[in-house]
Every structure is written in C-alpha cells, then in structure tokens.
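Reviewing the structure listed below.
The values are calculated or read from the model by the stated rules, or taken from the named source; none is laboratory data. Values in this document were obtained by computation on a predicted structure and should not be read as measured data. Every residue, glycine as well, gets a Cβ built from its backbone with ideal geometry; the counts of neighbours run over all protein chains shown. Protein only, heavy atoms only, side chains kept; ligands, DNA and RNA dropped before computing areas. Shrake-Rupley method; radii C 1.70, N 1.55, O 1.52, S 1.80 Å.
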Amino acid sequence: FDNLAVKESYFHSKAKQAVQYSKEAEFTGNNFMAVYNERRQKEKDSLRYKQKHLKSQSEFEREQKFYEQKKKHLKEVFLELDRDGSGAIESGEIMNYLIGQNGMSQEDAAQLTDEIINNLDQNNDGLLSIEEFADQ
C-alpha cells in the first residue's frame with residue numbers, strides 16, 4: 001500500500017463527512033458540533049448493535065458446517081431405513097428397524113410406527129420422503 005494514497009483517501013473521506021455535517025447543521029438549525037456528536041453517537045450505537053447481535057463470519061461458518069453434517073447424517077439414517085431403495089420409508093421398514101435394531105415387541109413397534117408416520121407424513125400418503133424425514 002502507498003501510505004500517502006491511504007492518508008489522502010482517509011482525509012478526503014473525513015473532509016467529505018465534515019461538509020455533509022455542516023450542510024446538515026445548516027439545514028436543521030443546529031451547530032456543527034451538535035450534529036457531529038449526534039452522528040458519532042449513532043455510529044457508536046450501530047457498531048455496538050452489530051457487535052452484540054450480528055454473528056461473526058466464523059460463527060456463521062461453524063453453524064453452516066454443523067447443519068451440513070446434520071443433513072448428511074439424516075440422509076444416512078434415511079438410506080438405512082429405506083431398505084428397498086424406493087426413495088421413501090414405508091411403515092414396514094420402520095417396524096422392521098424398531099424390532100430388529102431396538103428389540104421392540106411387535107405391538108410396541110406398530111404403535112410407534114403409526115405415531116412416526118402420523119407426525120412426519122406431511123402429504124398423508126403413508127410414506128416418508130427424504131424431505132418429510134429431514135424437515136423434522
């Protein structure tokens with residue numbers, strides 16, 4: 001960087017800002033310092049708000065990574081449950097999983113399967129698509 005160019009740019013922006021404050025002071029009937037102090041306070045308040053409420057880029061990237069991992073895991077679980085590879089989970093596939101992997105009784109598995117289908121099946125076709133599965 002050329003330090004002189006940076007300094008000139010900085011001073012130019014400050015001069016432009018002073019002219020703007022002067023015009024605003026003239027328009028509102030206030031003096032220059034009152035307008036300057038008011039604007040500086042607004043800038044400080046804005047900066048405090050951003051620091052308090054807006055997430056940093058690294059926080060945003062961590063959240064994105066977390067949700068991508070969660071999405072990948074849900075897809076893996078979906079594919080594990082979709083034994084016939086139809087692209088939808090049927091009630092029988094859920095029951096087989098609950099009985100085989102969790103050792104549930106036939107009756108308990110049937111009841112839980114009905115609850116799962118009723119709660120997740122948004123289009124009421126009796127099947128769970130990847131979208132319906134992942135939305136929950």
- Message: For the stretch 60-135, take N as its residue count and report Rg(C-alpha) divided by 2.2 N^0.38 Å.
- Response: 1.20
- For the chain, set up a Gaussian network in which alpha carbons nearer than 10 Å are linked by springs, and say which option among Ala88, Ala15, Ala110 fluctuates the most. Ala15
- Of Arg40, Arg62, ordered by accessible area with the largest first and a 1.4 Å probe, the sequence is Arg62, Arg40
- Task: Would you work out the charge dipole size for the chain about its Cα centre, treating the Cβ of every Lys and Arg as +1 and the Cβ of every Asp and Glu as -1, and quote it to the nearest 20 debye?
- Result: 1980 debye
- Message: Under 10 Å, Cα contacts only: if you run a Gaussian network model on the chain, which one of Asn30, Asn96, Asn123 comes out with the highest mean-square fluctuation?
- Response: Asn30
- Among Phe60, Asn30, Val77 - extreme Cα towards positive end, dipole of the chain, charges at beta-carbon: Asn30
- Query: Rounded to the nearest 20 Debye, what is the dipole magnitude of the stretch 60-135 about its Cα centre when Lys and Arg each give +1 and Asp and Glu each give -1 at the C-beta?
  - Reply: 440 debye
- Query: Which residue, Gly92, Gly29, Gly103, has the most motion in a Gaussian network model of the chain that connects Cα atoms within less than 10 Å?
  - Reply: Gly29
- Reported label for calculated Rg and Dmax of the Cα atoms in Å given (1) 30.4, 83; (2) 14.2, 44; (3) 22.2, 75: (1)
- So what is the relative contact order for the stretch 60-135, in percent, with contacts set as C-alpha pairs under 8 Å and at least six apart? 32 percent
- Task: State the extension gain, in nm to one decimal, for the chain segment bounded by Tyr49 and Val19, taking 0.36 nm per residue of separation less the distance between their alpha-carbons.
- Result: 8.1 nm
- Query: Got the relative contact order for the chain handy, in percent, Cα pairs under 8 Å and 6 or more residues apart?
  - Reply: 16 percent
- Item | Restraint check, Lys44/Lys65; Lys16/Lys52; Lys23/Lys50; Lys16/Lys44; Lys14/Lys42; Lys14/Lys44, Cα-Cα greater than 26 Å | Lys44/Lys65; Lys16/Lys52; Lys23/Lys50
